[in-house]
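Contents: one structure, followed by commentary.
The values are calculated or read from the model by the stated rules, or taken from the named source; none is laboratory data. All values reported here derive from a predicted model rather than from experimental measurement. Neighbour counts run over all protein chains shown; Cβ positions are idealised from the backbone, glycine included.
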Amino acid sequence: MKNFLVIGVGPHARLNHLPSLWAGQSAGLVGRVIGVDVADAVGDIAASNSAGGTPELSVTFIEPFDATRRTLPAPVRKTLDSLVREHAVDAVVISTEPSFHMVYTHWALGHGLSVLLDKPLSVHANCSVDPFKASAILTDFDEILARYEAVRRTHPEVLVTVQCQRRYHPAFRHMRRLIAEVAEATNCPVTSVQSFHSDGQWRMPNELIDISYHSFDQGYGKCAHSGYHFFDIVPWLLRAGEAPGKELDSVDIHANFSRPRDFLAQLDVNDYARLFPEFEAANPYTQAHLLTATEAFGEIDAFVSMAYKSGGRTMTLGSVNLVHNGFSQRGQFSPARANLYKGNGRVRHESHIVQQGPFQAIHYHSLQTLGDGGTEAGGPHGVGEQGHIEVHVFRNSSFHMGWKKHETLDYDALTTVSESGAEEPTQSASRRRSMQEFLEYVNGRRARREMSSELTDHRRGATLMAGTYLSAAQQWVDGSPVARLDFRPHGEGAAGADHRLDDPSSCDLMDVSL
């Protein structure tokens with residue numbers, strides 16, 4: 001039984017991490033759970049504790065500090081050090097705003113503590129408009145990986161894992177097996193992959209400035225909010241189709257962003273005044289003020305094109321298209337401030353289309369709406385219901401007589417059974433499995449080789465996120481729209497990356513070994 005420190009106990013942690021830790025207490029895996037958050041969160045946490053229904057969490061408050069710091073301020077460090085000693089902390093869950101992930105991870109590793117880290121690994125203010133800030137996302141990864149490997153030489157039991165729940169999702173695990181099967185039979189890699197995600201986060205014009213949660217004012221947006229899940233899962237799937245001589249070693253990335261200024265052109269303040277009678281009285285900003293204030297804000301939507309290469313030849317064409325300004329079920333003007341994470345009309349639409357040359361196509365679709373569901377013919381897991389998910393598999397049965405030409409896997413077919421019970425094909429269940437795996441590891445019940453999302457396996461995801469922002473930032477300063485990066489996983493002898501195609505004035509992405 002181990003003791004856990006949760007750094008950042010906001011809406012995400014309260015919905016996902018804390019229930020899993022409390023369940024771990026019942027299972028004999030978790031002893032004490034203590035929290036840390038900034039003093040600004042006192043009111044929200046007090047309200048959460050008083051709401052009842054869950055164990056009350058003891059939270060220590062610290063003063064906010066600048067996200068650009070490379071080390072913790074002395075008072076914050078002393079507070080955390082004291083908590084580790086007082087409560088005999090064994091492991092840390094880091095669930096802060098992403099720009100603080102690295103500084104807390106470095107601190108935890110300095111104490112020889114294992115870490116479960118929220119995605120993304122890192123982000124920097126203004127990374128969508130400053131190429132150096134975009135490049136720093138990958139610098140951060142290499143620095144924390146080097147620190148991790150150094151710490152493990154003296155603390156071999158230490159683990160850093162990243163919560164990317166799609167790696168634990170039965171549908172994606174099945175898709176990965178399907179890709180590996182066809183690659184084994186044909187030596188054909190994945191030749192194209194198209195990924196799409198929309199979460200319908202409809203912000204009113206005034207909320208672009210007034211609401212800080214998952215905001216755009218720090219010069220980044222959708223790609224740093226939920227985008228890392230897709231920068232992670234795509235290379236995880238591609239790896240299943242790689243073969244000797246066809247390993248992916250570089251990637252060209254071209255990103256197109258829609259920013260708040262574009263969003264305000266699609267529907268301006270006059271449009272909102274017609275749509276919502278209360279808008280004019282509640283909105284203190286003119287169209288001109290909004291355009292000026294949001295000029296360098298981060299992306300609302302991002303359409304990103306990739307060419308994954310091996311030895312200079314394109315092996316896989318890909319796209320990751322990420323949308324906040326998509327189908328939503330928000331109908332009221334006033335925001336649901338009590339639940340900005342999953343409330344406020346946020347709806348998930350997600351798809352992945354994987355082609356493996358002439359041999360296989362895999363279509364993943366999750367097309368949901370909010371509500372009780374279950375009243376339509378498809379039941380609670382049909383198209384347009386809150387639990388919808390299905391995977392379609394097409395195989396060239398004319399080439400291989402043992403293959404089925406088409407198979408549909410629905411919610412029930414994707415539900416798997418393990419020693420711990422039924423594993424449902426939902427994002428929430430997959431997040432719980434991620435935490436369960438971490439709890440089992442720190443309690444000595446799972447080996448390192450059995451971990452699904454160790455930090456060492458995240459360089460490609462960090463590369464795609466850094467490259468996406470680098471492409472956008474280069475365009476902002478009238479540079480090349482394409483970022484070319486080394487795509488070899490850590491430990492395979494990768495050397496420095498040439499991230500720009502033709503512009504000799506560009507900054508080097510990395511001076512360190514990849």
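For this structure, a couple of remarks:
- Only residues that are among the β-branched types (Val, Ile, Thr) and over 14 Å from Thr68 (Cβ atoms) were counted in the range 129-147, giving 2.
- Test: Asp37 is within 24 Å of the chain's Cα centre (by Cα), assigned by TED's automatic domain parsing to the domain that holds Val103 and free of Cβ contacts under 8 Å to residues at least 12 places away in the same chain: no
- Subset tally (residues that are over 18 Å from Asp252 (Cβ atoms), hydrophobic (A, V, I, L, M, F, W, C) and either in contact (Cβ under 8 Å) with a residue 40 or more places away in the chain or crowded, with 18+ Cβ neighbours inside 10 Å (or both)) for the range 315-341: 5
- Test: Gly24 is loosely packed, with under 14 Cβ neighbours inside 10 Å, under 23 Å from Glu157 (Cβ atoms) and either modelled with pLDDT of 95 or more or among the hydroxyl-bearing types (Ser, Thr, Tyr) (or both): no
- Only a single item in (1) under 24 Å from the mean Cα position of the chain (by Cα); (2) free of Cβ contacts under 8 Å to residues at least 40 places away in the same chain is not met by Ser258, and it is number (2).
- Within the range 400-438, the set of residues being charged (D, E, K, R), more than 27 Å from Val93 (Cβ to Cβ) and surrounded by fewer than 16 Cβ atoms within 10 Å (Cβ to Cβ) comprises Lys404, Lys405, Glu407, Asp412.
- Meets criteria (closer than 16 Å to Arg239 by Cα and either without any contact (Cβ under 8 Å) to a residue 60 or more places away in the chain or of a type in the set (A, V, I, L, M) (or both)) for Glu184: yes
- For the range 436-494, a residue qualifies if it is of a type in the set (Ser, Thr, Tyr) and part of a helix (DSSP H, G or I), and the qualifying residues are Tyr441, Thr456, Thr463, Thr468, Tyr469, Ser471.
- A Cβ distance below 7 Å, combined with a sequence gap of six or more or placement on separate chains, defines the contacts here; from the range 131-154, residues that are under 15 Å from Gly461 (Cα atoms) and outside the structural domain of Ala255 (by TED's automatic domain parsing) reach residues that are assigned to a helix (DSSP H, G or I) and polar (S, T, N, Q) in the pairs Leu138/Thr463; Ile144/Thr105; Leu145/Thr456.
- Given (1) surrounded by 19 or more Cβ atoms within 10 Å (Cβ to Cβ); (2) among the charged types (D, E, K, R); (3) not in a helix (DSSP H, G or I), index of the condition Arg32 fails: (1)
- Only one entry in Ser305, Ser215 is among the polar types (S, T, N, Q) and either touching a Ser or Thr at 6+ places or on another chain (Cβ under 6 Å) or buried (at least 24 other Cβ atoms within 10 Å of the Cβ) (or both), namely Ser305.
- Flag for Gly112 being in contact with a His (Cβ under 6 Å, 6 or more places away or on another chain), more than 13 Å from Ile7 (Cα to Cα) and in the same structural domain as Gly24 (by TED's automatic domain parsing): yes
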